[in-house]
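Heads up: the structure comes next, in structure tokens.
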Amino acid sequence: MKIHRIDHVGVIVNDLSAAKEFFLDFGLEVQGEWEMEGDLMDRMSGLNDVKVACVGLGKPDGQAWIELIKFYKPSDEKDSQQPFANTLGIRHIAFAVEDIEALVAKLKKKGTEIFSEIQQYKDSYKLCYCRGPEGIILELAEQIK
């Protein structure tokens, strides 16, 4: 048995178009869009009468990508929670970026919540956390050359 790579991260959202727009503006590109429903989707998700819309976003190099998923049926009855960086479970998506200062300035200008100032870790990385749509936490990491 051999694992080749992490293929994608699935993120469930209520407002698919807003989340898609955020990640497009962030610099990702649409790799595909589709809808699924029926027996196969029900069996895969372990739910009944499922209907979803999905948008896959990534970079042209084909490395790991983000799959934004909107469940039309069944919908989650709870509002999205705003987790903190220490909340148990999968908590953030990390992006290796170039020119973290310019990216953070762009995100601030767009109204994105930046909840840590840019910090330098030793002589290796500049790091910053921000909150995207529906509470999605992003870690931005620029390697220092």
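The values are calculated or read from the model by the stated rules, or taken from the named source; none is laboratory data. This one's a predicted model, so the numbers in the text were calculated from it and none came from an experiment. With ideal geometry, Cβ positions are generated from the backbone for all residues, glycine too; neighbour counts draw on all protein chains shown. What goes into the accessible areas is simple: the full protein's heavy atoms, side chains included, and nothing from ligands, DNA or RNA. Shrake-Rupley method; radii C 1.70, N 1.55, O 1.52, S 1.80 Å.
Numbers at a glance
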| read-out | value |
| --- | --- |
| Burial ranking of peptide ranges 103-109, 60-66 (average Cβ count within 10 Å, highest at the top) | 103-109, 60-66 |
| Backbone HN-Hα couplings from phi across the stretch 19-31 [Karplus 6.51/-1.76/1.60, Hz, Gly and Pro as x] | 5, 4, 4, 4, 6, 5, 5, 5, x, 7, 10, 5, 9 |
| Whole-percent carbon and sulfur share, accessible surface of the chain, 1.4 Å | 52 |
| Listed candidates [x] 52, 39, 28; [y] 37, 33, 32; [z] 78, 46, 29 - label of the one calculated as Cα extents along the principal axes in Å | [x] |
| Most positive-pole-ward Cα, Trp34, Ile66, Ala53, against dipole of the chain from beta carbon charges | Ile66 |
| Highest to lowest packing among 120-132, 88-100, scored as the average C-beta count within 10 Å | 120-132, 88-100 |
| For Glu113, distant residues with modelled amide H under 5 Å away | Arg131 |
| Solvent-accessible area per residue, Å², over the stretch 88-137 with all protein chains present [probe radius 1.4 Å] | 65 |
| Given Lys73/Lys108; Lys59/Lys108; Lys20/Lys122; Lys59/Lys109; Lys2/Lys106, the pairs whose alpha carbons are separated by over 28 Å | Lys73/Lys108; Lys20/Lys122; Lys2/Lys106 |
